[in-house]
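Throughout, read-outs are computed from the coordinates displayed, never taken from laboratory work. Quick caveat: nothing in here was measured; it's all calculated off a predicted structure. Here the Cβ positions follow ideal geometry from the backbone for every residue, glycine too, while neighbour counts run over all protein chains shown.
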Amino acid sequence: MNRKTLCGLIGLALAAASFGSQAQDFDDRYYFAGWLGYYDNDSDRQTDDGSLYGSIGIGKWIGPSTNIDVFVDRTTRTRKGPGATSNWDNNSFGVSLRQHFGDWASWRPYIMGGVGVSHHDANNTSDGWDPFAQVGVGIAKAYTENVNFRAELGYRQDWDDETFPEEDGYGDWFLNLGVTIAIGGAPEVVEVVEEPIPAPPVPDCSTLDDDNDGVNNCDDKCPGSPAGQAVGPDGCPLPEPAPVVEEPQEYKG
């Protein structure tokens, strides 16, 4: 991984943090992160098998289940081999992203990925900067609204090709325990109350006229009048008028 690629990955991670922070439906406070860990050192380093390290950082939740940390860590390894009595110091600066699963009611598993640069100093026999990348899995739990605990197992690939020119880099396993402490007060939870949708009004018989005779159903005593039928105020057919009978006229001659 060259340095341009590394810078690009860090830029993408920061862009994701900026985009995610626009949403406000979760606790998006910044937090302080600190942890202690143990490295199982790559045997090609020609150092002690294991070494302790410490780390501090600042992080932020960028989604309900996603957070990002910017961190610095340090470890000192004791070099071994013929005549080797010096130490090998590594100071690393990086950014990591964690994606959690489940909810805070119980332990939440997560996956982690990160990139960064590491400064190595082998007692003046080698001094320089090289990129690294890391992946891992962990579990986290909220103890209070401000404090979370997490434990993590991971693997870091360190592309240090300067301390031992014949080596292209080293792969170290690590285990750490840490806490995060939120900065500032917890955001207020706004309860959204949904107003019930009123039921549509029930049709009233006074507004209905099923047979379209001009008399509403309440007053219509003869429902079902045929179309065109003349009806009275009660909706019943009006009586037909009596036929007019013309009397014969007397002939006058």
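The table for this structure:
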quantity	calculated
Under the Karplus curve 6.51 cos²θ - 1.76 cosθ + 1.60, θ = phi - 60°, whole-Hz ³J(HN,Hα) for segment 53-69, x wherever Gly or Pro sits	8, x, 8, 9, x, 10, x, 7, 7, 10, x, x, 10, 10, 9, 10, 10
Ranked 100, 119, criterion: other C-beta atoms within 10 Å, fewest first	119, 100
Distance in nm between pseudo-label sites at residue 219 and residue 87 (7 Å out along the Cβ direction from Cα)	10.4
Per-residue HN-Hα couplings for segment 139-144 [Karplus 6.51, -1.76, 1.60; θ = phi - 60°; Hz; x = Gly/Pro]	9, 9, 8, 8, 8, 9
13 Å Cα-Cα reach of residue 60 towards aspartates and glutamates, excluding residues that sit fewer than 8 places from it in its own chain	27, 28, 69
Estimated FRET transfer efficiency (residue 111, residue 195; beta-carbon r; R0 51 Å; 0.05)	0.80
Cleavage-rule hits, GluC sites (Glu not before Pro), segment 109-210, DSSP coil, Cβ neighbours within 10 Å at most 16	145, 162, 166, 167, 188, 191, 194
Gain on full stretching of the segment that runs from residue 207 to residue 162 - 0.36 nm per residue minus C-alpha separation	7.0 nm
Radius 11 Å from Cβ of residue 104, net charge of other residues (Lys, Arg +1; Asp, Glu -1)	-1
Packing-based exposure ordering (other Cβ within 10 Å, fewest first) of 141, 60, 221	221, 141, 60
Potential lengthening between residue 80 and residue 227 on full extension [0.36 nm per residue; Cα-Cα distance subtracted]	41.9 nm
Under 14 Å from the Cα of residue 221 - aspartates and glutamates, other chains or at least 8 residues apart	209, 210, 211, 213, 234
Neighbour-count order for 164, 174, fewest beta carbons within 10 angstrom listed first	164, 174
Hz values of 3J(HN,Hα) by residue in segment 159-168 - Karplus curve (6.51, -1.76, 1.60), Gly and Pro given as x	8, 7, 10, 10, 4, 10, x, 7, 9, 8
